[in-house]
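This report refers to the structure that appears directly beneath it.
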Amino acid sequence: MTEAAPIVFVVDDDPSVRRAIKRLIGSEGLQVELFGSAQEFLKSRRPDAPSCLVLDIKLPGISGLDFQPQLAAAGIRIPIIFITAHGDIPMTVRAMKAGAVEFLTKPFRDRDLLDAIQIALERDRTRRQEESEIAVLQERFDSLTPREQEILPLVVSGRPNKQIAAELGTSEITIKVHRGSVMRKMQAESLAHLVRMAGRLGLPVGQLSSNHTSPSARTG
């Protein structure tokens with residue numbers, strides 16, 4: 001599947017700065033969309049493509065620094081590159097701690113901005129790929145029956161079928177059948193592969209439901 005062309009969003013209240021940045025980024029063959037305020041950016045329809053945001057600190061309405069946590073709270077996980085003519089160390093620290101890719105003080109070198117954009121776009125590609133893969137794993141997990149979902153964490157914890165059967169009050173052959181079904185539905189090539197899948201899904205590996213006693217409690 002061909003990846004959508006990456007796009008760079010620029011939010012700056014100075015039209016001349018926006019145009020200059022667009023020419024610079026466009027010279028690298030990248031798509032660019034310009035906005036004069038944070039509100040304009042939020043109202044826009046953003047393509048489903050790798051992207052990043054070049055964001056000025058001083059903006060009408062809300063500052064770039066205050067806009068950063070708003071984006072995070074809204075679930076908009078776009079890498080941000082801050083630009084400003086009035087930067088200081090506390091601003092830089094605040095922005096970087098909140099996950100900014102770079103903090104550039106005007107006038108900055110063209111190459112510094114272009115390099116930061118490439119880093120930001122690659123970060124967003126990685127995030128999108130990770131989310132896509134996890135969504136596939138979640139679909140597979142959701143296809144399991146409730147019993148299979150209960151058994152999966154016990155399987156990846158390394159428990160043998162006999163022990164799982166004893167803990168869940170069922171037969172070993174039943175666990176064997178469920179185990180095979182879990183491996184097939186999750187498309188796991190091996191137990192190690194299934195363990196990695198469970199880890200990426202954040203499953204509570206080895207924990208039993210509240211209706212069962214944990215092995216540690218039973219064995220001491």
| Environment charge at G87 (Cβ cut-off 13 Å; Lys +1, Arg +1, Asp -1, Glu -1) | 0
| task | Please name which of I80, F67, A192 has its Cα lying farthest along the dipole of the chain towards the positive end, using unit charges on Cβ (Lys, Arg +1; Asp, Glu -1) and the Cα centre as origin. | result | A192
| task | On each of the three principal axes of the Cα atoms of the chain, give max minus min coordinate, whole Å, ordered largest first. | result | 74, 40, 29
| Residue-wise, which Karplus ³J(HN,Hα) couplings in Hz belong to region 152-169, taking 6.51 cos²θ - 1.76 cosθ + 1.60, θ = phi - 60°, and x for glycine or proline? | 3, x, 6, 5, 6, 6, x, 5, x, 4, 4, 5, 4, 4, 5, 5, 9, x
| said: Between helix 191-201 and the chain, what is the angle of the helix's C-alpha long axis to the longest principal axis, kept within 0 to 90° and rounded to the nearest 10? | reply: 50
| message | Need one word for region 1-132: rounded, prolate or oblate. Basis is the Cα gyration tensor (sqrt eigenvalues a ≥ b ≥ c); a/c below 1.5 gives rounded, then a/b vs b/c decides. | response | rounded
| task | Would you mind calculating the relative contact order of region 97-207 from Cα pairs under 8 angstrom and at least 6 residues apart, reporting the percent as a whole number? | result | 28
| Around R128: net Lys/Arg minus Asp/Glu count, Cβ-Cβ under 13 Å | -2
| message | If I compute solvent accessible area with a 1.4 Å probe over the protein chains, what percent of it on the chain is carbon and sulfur? | response | 52
| query | Which trypsin sites (Lys or Arg not before Pro) from region 33-134 combine a DSSP loop assignment with at most 12 other Cβ atoms within 10 Å? | reply | R45, R109
| note | The ³J(HN,Hα) series, computed from each phi in region 67-73 with the Karplus coefficients 6.51, -1.76 and 1.60 at θ = phi - 60°, rounded to the nearest Hz and given as x for glycine or proline, is 6, 4, x, 5, 4, 4, 5
| field | Contact order normalised by residue count of the chain, Cα under 8 Å, 6+ apart, percent | value | 14
| note | Here region 41-49 yields Karplus 3J(HN,Hα) values (6.51, -1.76, 1.60; θ = phi - 60°; whole Hz; Gly and Pro given as x) of 4, 5, 6, 6, 8, 9, x, 7, 7
| request: Report the relative contact order of region 133-181, percent, no decimals, based on alpha-carbon pairs under 8 angstrom and at least 6 residues apart. | output: 34
| field | Lysine pairs within the chain, Cα separation less than 16 Å, 8 or more sequence positions apart or different chains | value | 4
| query | Which far-off residues, 5 or more places away or on another chain, put their amide H under 5 Å from the one on L104, with H placed in the peptide plane? | reply | F82, I83, T84
| What accessible area per residue comes out for the chain, rounded to a whole number of Å², with a 1.4 Å probe? | 55
| query | If you put +1 on each Lys and Arg Cβ and -1 on each Asp and Glu Cβ, how big is the dipole of the chain around its Cα centre, in Debye rounded to 20? | reply | 560
| task | Would you mind computing, in nm to one decimal, how far apart the modelled labels at I134 and S63 are, each placed 7 Å from Cα along Cα→Cβ? | result | 3.1
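The values are calculated or read from the model by the stated rules, or taken from the named source; none is laboratory data. A quick note: this is a predicted structure, and the numbers were derived from the prediction, not measured. Counting neighbours? That spans all protein chains shown, and the Cβs are built from the backbone with ideal geometry, glycine included. Please note that ligands, DNA and RNA were not included when accessible areas were found on the heavy atoms of the full protein model with its side chains. Shrake-Rupley method; radii C 1.70, N 1.55, O 1.52, S 1.80 Å.
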